[in-house]
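Beneath this line is the structure, given in structure tokens, with notes to follow.
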Amino acid sequence: MRSGSRWADGLSVRGRLRASLIRWGVAHPAPFLNHGAAAGIGERRHDLARHDDNQARPDLAAAATSKDLRSAPRHQWFCFPHSYSYRLVNTVLDHWDLPSDGIVADNFSGSGTTLVAARERGLTALGFDLSPLSVTVGTAKIASYNLLTLERALRRVMSAPLVDSPQVPDRLSRAYTDAELREIFALLHPIRTLRGSSRPFFVVALLSAARQFSRAVPDGGWFRWQEWADRSTEIRDAFEDVISQMMADVQALNWSEGECTATARRADARQLPISSSLVDGLITSPPYANRHDYSRVFHMDLLLLGEAESDVTRLRHRSIRSHVEAKSPRGFKRLLEAYKPPLLLNEALQALPPNADKRVERFLRGYFQDIYLSLIEVARILRPGGRAAYVVGNVRHAGVMVPVDEITAELAEQAGLEFEVAWIMRERGNAAQQMGRYGRQASRESVVLLSKRASP
Ligand SMILES: C[S@@+](CC[C@H](N)C(=O)[O-])C[C@H]1O[C@@H](n2cnc3c(N)ncnc32)[C@H](O)[C@@H]1O
């Protein structure tokens with residue numbers, strides 16, 4: 001176990017102070033307003049291809065993908081399709097010189113990659129995500145565990161009697177047979193009565209096992225339905241297999257209680273529930289502007305978590321506008337008055353052919369407003385001199401390339417941050433559909449590195 005060695009003393013005074021600041025942080029402090037500094041930036045151009053400070057980082061190409069999360073302790077418990085690797089987080093943290101008891105945040109925390117990697121280095125990790133699935137997964141991955149407690153809880157879960165499965169949404173009845181649902185709920189009922197970190201641990205294990213049996217099979221940003229005969233007799237074994245892997249991971253990587261603070265909370269990246277000037281570094285990846293909708297990819301998982309169909313729809317509407325169904329958020333009118341649509345965005349929108357789907361222009365405009373609002377929050381929560389890394393991918397719509405990395409750099413400056421450098425990690429092929437119609441044109445995937453000006 002790694003616990004007890006490097007961080008045996010628990011939180012330092014600074015860490016304790018910061019932890020209490022977080023606990024007592026005002027619900028939503030006054031937004032960071034530094035728009036004076038941003039005047040005229042809308043006219044400025046960040047041409048990453050020509051910018052001297054931009055670096056090709058082919059060494060990071062593999063770190064832009066989730067491949068090595070699938071065999072890494074804790075990370076492998078539940079992976080998101082578009083996560084970056086913990087290696088990317090480590091590279092960024094190595095590049096920065098954060099205090100050894102620093103605070104690292106992720107405002108779109110997804111499956112918790114940043115949080116686990118930061119925690120492994122003894123840093124305080126604060127994750128925020130709109131999805132209850134992300135919060136459950138993140139909470140499970142960063143928790144401290146006692147193996148005896150987990151073993152006791154496992155015995156309790158496995159010995160609980162079969163129960164009638166509750167009335168479930170139609171989608172779940174299509175994804176699983178009645179017998180499969182009975183098995184899943186026989187495990188889920190006792191899991192819901194568990195306390196402390198055991199509960200998210202077993203919920204994540206069950207979701208991970210149940211995915212293997214779902215007839216809604218993820219396929220890119222969607223899922224396709226498949227058919228096969230009942231497999232209810234295999235579910236318990238699959239659950240136990242997942243649990244034994246997770247317990248082995250806990251043995252390999254654990255922290256003792258209080259070693260450092262780590263939380264994953266449900267929050268909107270456009271309105272974070274923490275105090276200003278608190279965070280030393282932020283590493284994140286917002287959903288890409290390629291119509292990707294996490295509430296669809298994880299629809300079954302959200303229903304099994306207990307969300308109603310109406311909750312999933314609400315989540316879809318409230319998420320960042322990376323897809324056409326997300327709606328304009330309320331309450332940001334005043335902040336958006338200062339927003340200037342970036343020149344490169346306007347150029348891309350003007351280049352869209354007249355027959356392009358009109359919704360594309362609408363969601364792209366919304367997407368960059370949302371990125372801007374999230375960057376205002378980043379500028380607010382970073383301490384002076386704090387650093388941020390936005391991992392973004394350029395996208396192509398109706399044959400027009402949208403340089404998301406350059407636009408993000410420009411929006412960061414509008415939001416009061418400084419653009420330092422972009423690491424261009426790799427060029428991705430475009431989607432098959434686009435490739436057929438418009439030919440091959442690769443899209444950059446970059447890390448946009450930003451900072452908040454140090455106090456004078
Ligand atoms: C690209 S994923 C993050 C992947 C993450 N880096 C990881 O390692 O798994 C984007 C996340 O943004 C979340 N999200 C979408 N809209 C959001 C919002 N308005 N506020 C916070 N999170 C949001 C989604 O639920 C999803 O988990």
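Taken together, the values in this text are just the output of simple stated rules run on the coordinates, not laboratory data. Predicted model only: the values in this text are computed from it and were never measured. When we count neighbours, we look across all protein chains shown, and the Cβ atoms used for this are built from the backbone with ideal geometry, even at glycine.
Can you pull the semi-axes for region 300-363, root of five times each eigenvalue of the Cα gyration tensor, sorted largest first, whole Å?
For region 300-363, the ellipsoid semi-axes come out as 30, 18, 8 Å.
Take Glu427 and Ala398, extend 7 Å from each Cα along the Cα→Cβ direction, and tell me the distance between the two endpoints in nm.
2.5 nm
Restricting to the chain, compute how many DSSP beta bridges are antiparallel as a %, nearest 5.
The answer is about 55 percent antiparallel.
What is the magnitude of the charge dipole of region 262-314 about its Cα centre, with +1 placed on the Cβ of each Lys and Arg, -1 on the Cβ of each Asp and Glu, and no other charges, expressed in debye to the nearest 20?
140 debye
Charges on Cβ only, +1 for Lys and Arg, -1 for Asp and Glu, centred on the Cα centroid of the chain; of Leu282, Thr313, Leu98, which one is farthest towards the dipole's positive end?
Among Leu282, Thr313, Leu98, the one farthest towards the positive end of the dipole of the chain is Thr313.
Calculate the dipole size of region 208-321 relative to its Cα centre from +1 charges on Lys and Arg beta carbons and -1 charges on Asp and Glu beta carbons; express the result in debye to the nearest 20.
740 debye
Excluding Ala62 itself, what net charge comes from residues whose Cβ is under 10 Å from its Cβ, given Lys and Arg +1 and Asp and Glu -1?
Summing Lys and Arg as +1 and Asp and Glu as -1 gives +1.
For region 53-162, just say rounded, prolate or oblate: build the C-alpha gyration tensor, square-root its eigenvalues into a ≥ b ≥ c, call rounded for a/c under 1.5, and beyond that prolate if a/b exceeds b/c, oblate if not.
Prolate, since a/c reaches 1.5 and a/b exceeds b/c.
As a check on your grasp of the helix formula, calculate [θ] at 222 nm for the chain: sum -39500 (n - 2.57) over DSSP H runs of n ≥ 4, divide by the residue count, round to the nearest 500.
About -12000 deg cm²/dmol.
How charged is the neighbourhood of Ser232? Take every other residue with its Cβ under 12 Å from the Cβ of Ser232, and add Lys/Arg as +1 and Asp/Glu as -1.
-3
Using a basic spin-label model with each label point 7 Å from the Cα along Cα→Cβ, how many nm lie between Leu162 and Glu420?
That separation, rounded to one decimal, is 5.8 nm.
Report the calculated FRET efficiency for Asp97 and Ala442 (r = Cβ-Cβ distance, R0 = 30 Å), to the nearest 0.05.
0.35
Just flag the chymotrypsin sites (Phe, Trp or Tyr not before Pro) in region 142-240 sitting in loop per DSSP whose Cβ has no more than 15 other Cβ atoms within 10 Å.
Here the chymotrypsin sites (Phe, Trp or Tyr not before Pro) that fit, given the DSSP loop and packing criteria, are Trp228.
Give me the net charge for the shell around Ser85: Cβ to Cβ below 11 angstrom, other residues only, Lys and Arg +1, Asp and Glu -1.
+2
Hey, quick one: spin label on Ala56, modelled 7 Å out along Cα-Cβ, who in region 396-427 has an amide N within reach, i.e. under 17 Å?
Under cut-off, by backbone N: 422-427.
DSSP loop (so not H, G, I, E, B), at most 10 other Cβ within 10 Å: list which trypsin sites (Lys or Arg not before Pro) in region 304-341 pass both filters.
Taking region 304-341 and a limit of 10 other Cβ atoms within 10 Å, the loop trypsin sites (Lys or Arg not before Pro) found are Arg330.
For the chain, the longest stretch holding no GluC sites (Glu not before Pro) located in a DSSP loop with at most 12 other Cβ atoms within 10 Å is which?
It works out to 1-226.
Treat the count of other C-beta atoms within 10 Å as a stand-in for reagent exposure and order Ser131, Ser197 from fewest to most.
Listed from fewest to most nearby Cβ atoms, that is Ser197, Ser131.
Taking the Cα centre as origin and putting +1 on Lys and Arg beta-carbons and -1 on Asp and Glu beta-carbons, what dipole magnitude results for region 141-187, to the nearest 20 debye?
It comes to approximately 260 debye.
Does region 102-155 classify as rounded, prolate or oblate by the C-alpha gyration tensor (a ≥ b ≥ c root eigenvalues; a/c under 1.5 gives rounded; else a/b over b/c gives prolate, otherwise oblate)?
It is oblate, given that a/c is not under 1.5 and a/b is not larger than b/c.
Angle between the Cα long axis of helix 404-414 and the longest principal axis of the chain, 0 to 90 degrees, nearest 10?
70 degrees
Take every Cα-Cα distance within the chain, group them into 20 Å bins from 0 onward, and report for each bin the whole-number percent of pairs it holds.
Over the chain, the share of Cα pairs per 20 Å bin runs 24, 56, 19, 0 percent.
Which is farthest toward the positive dipole end of the chain among Leu304, Ser244, Ala153, measuring Cα position about the Cα centre, with Cβ charges +1 (Lys, Arg) and -1 (Asp, Glu)?
Leu304
Residues of region 192-212 with backbone nitrogen within less than 12 Å of a virtual label 7 Å along the Cα-to-Cβ line of Trp228, please, listed as ranges.
211-212
To check my understanding: the extent here is largest minus smallest coordinate of the Cα atoms along each principal axis. What are those three numbers for region 147-252, in Å, largest first?
Taking the Cα atoms of region 147-252, the three principal extents are 40, 32, 22 Å.
Pick out, from Leu123, Val203, Thr233, the residue whose Cα sits farthest towards the positive end of the charge dipole of region 117-243, with +1 on the Cβ of Lys and Arg and -1 on the Cβ of Asp and Glu.
Highest projection toward the positive end goes to Leu123.
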